[in-house]
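Reading through the C-alpha cells given below for one structure.
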Amino acid sequence: MKVKNIRMLEIHIAVFLFGVSGLFGKLLLLQPMIIVLGRAFFSCLFLLMIILYFKKDLKVKHYRDGLWFILMGVILAIHWSTFFKSIQVSSVAIGLLTFSTFPIFATFIAPYFSKEKMKLSDIVTALITFLGVILVIPGFELGNNLTQGVLWGVASGFTYAILSILNRKFVNHYSSTVIAFYEQIIAAIILIPVIAWQRPILQTRDILLLIILGIVFTGIAHSLFINGLKNVKTQTAGIISSLEPVYGIIFAALLIKEIPSSKEILGGIIILSGVLYSTFKSK
C-alpha cells in the first residue's frame, strides 16, 4: 500500500474515532466536566509517552507561549464540556451537527488574527448554515432540551473555532503533539477542583470508559490525524472531517437506538453542505 494511501486511511480512522467519541456523552452517567477531566487526564498521559518515546522537545520557548498554552487549555476544557453537555441534554446527532458549525465561526474570527478579508460569499454561507441550525431546533424555547442542546453545541463549535485558530499560531514552532499535550494537561489541571465541587461517584465501568475515551478516542485518534497530515492536504483532511457527525449519528442509531428526526437530518445536510463549501473555498 502506498504511503499516501496509508496516511489517508489514518485520517479516516481518526475522524471515525472522533465521531464515535460523542457517544460517551450518553454512555457515561457523569457530569460533562468530570468526563472532560478524565478524557484530558488519560489522553495527556498517552501523549506524554508518545513525546518521550519519539524524544520530542517539550521545552516552552518563551514565557508568552506558556501563557497562550494556558489560555488554549482553558478554551479546550470549555469546548469539550459544552460538547458533552449538548449531547447529554439533547442527542448525539444535535451535539455533533451543531459542533460542526465551527468552520463557519472560524471564517468570521480569522480576519481578527490574520490579514484575511471577509467576503460576501462567507456571509451567505454562514446564513445558510444558520438556517440548518434553525431547522434542528423544534421550537425556540429555553426550557426545551433540544433547544438547550443546540445552544451548547453552537458554543462548542464557537470555542473550537477559536482554539483551531490559536493552534495555527504555534503549529510552525511546536510539534502538534506537544501543543495537544499542553492544552490537555492544562484542561485537566483546571478541572481538578470540580471533583471537590461535584463529588462524583465513579464505578469501575466509568473509569474503564474514561480510559478508552482518553487513550483510544482522543490520544490515538489525535496522533493518527496528525501523522496523516504528513502526506494528505489539509483541505482534504477537512473534507474527510465532515464525516465525523455522520459516523457518530450512525453508531448512535445502532448502539443506543437514537434515531434523528427528518428535520434534524435535513438541518444536518444543510449544515454539512455549508461546512463543505467553506472547506473547498478555503483552498
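Values quoted throughout were computed directly from the atomic coordinates according to the rules given, and no laboratory measurement underlies them. What you see is a predicted model; the values in this text were computed from it and never measured. Counting neighbours? That spans all protein chains shown, and the Cβs are built from the backbone with ideal geometry, glycine included.
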If you take the charge dipole of the stretch 140-261 about its Cα centre, with +1 on Lys and Arg Cβ and -1 on Asp and Glu Cβ, which of 155, 240, 198 is farthest toward its positive end?
240
Once you've got the Cα coordinates, tell me which of 59/169; 61/169; 55/169; 2/230; 59/230; 4/169 are over 19 Å apart.
55/169; 59/230; 4/169
Which number comes out as Rg/Rh for the stretch 1-83 once both Rg and the Kirkwood Rh are worked out on C-alpha atoms?
1.04
Of the trypsin sites (Lys or Arg not before Pro) in the stretch 22-126, which ones lie in a loop per DSSP and count no more than 10 other C-beta atoms within 10 Å?
55, 59, 115, 117
Under a no-solvent Debye model with one identical scatterer per Cα of the stretch 58-97, what's log10 I(q)/I(0) at q = 0.35 Å⁻¹?
-1.02
Once you charge only the Cβ atoms, +1 for Lys and Arg and -1 for Asp and Glu, what is the size of the charge dipole of the chain about its Cα centre, to the nearest 20 debye?
860 debye
Among 178, 118, 219, whose Cα projects farthest towards the positive end of the dipole of the chain, with charges put on the beta-carbon of Lys, Arg (+1) and Asp, Glu (-1)?
178
Which order do the peptides 149-157, 238-246 come out in when sorted by mean C-beta neighbours inside 10 angstrom, highest first?
149-157, 238-246
Length gain on complete extension for the stretch residue 203 to residue 263, per 0.36 nm per residue less the alpha carbon to alpha carbon distance?
17.9 nm
Loop-resident trypsin sites (Lys or Arg not before Pro) in the stretch 160-243 with no more than 15 other Cβ atoms inside 10 Å, DSSP not H/G/I/E/B, are 230, 233
Ranked highest first by average number of other Cβ atoms within 10 Å, how do 158-166, 29-37, 76-84 line up?
76-84, 29-37, 158-166
Give the Cα extents of the chain along the principal axes, in whole Å, largest first.
51, 48, 42
Gain in length, residue 250 to residue 57, computed as 0.36 nm per residue apart minus the alpha-carbon separation, to one decimal in nm?
65.5 nm
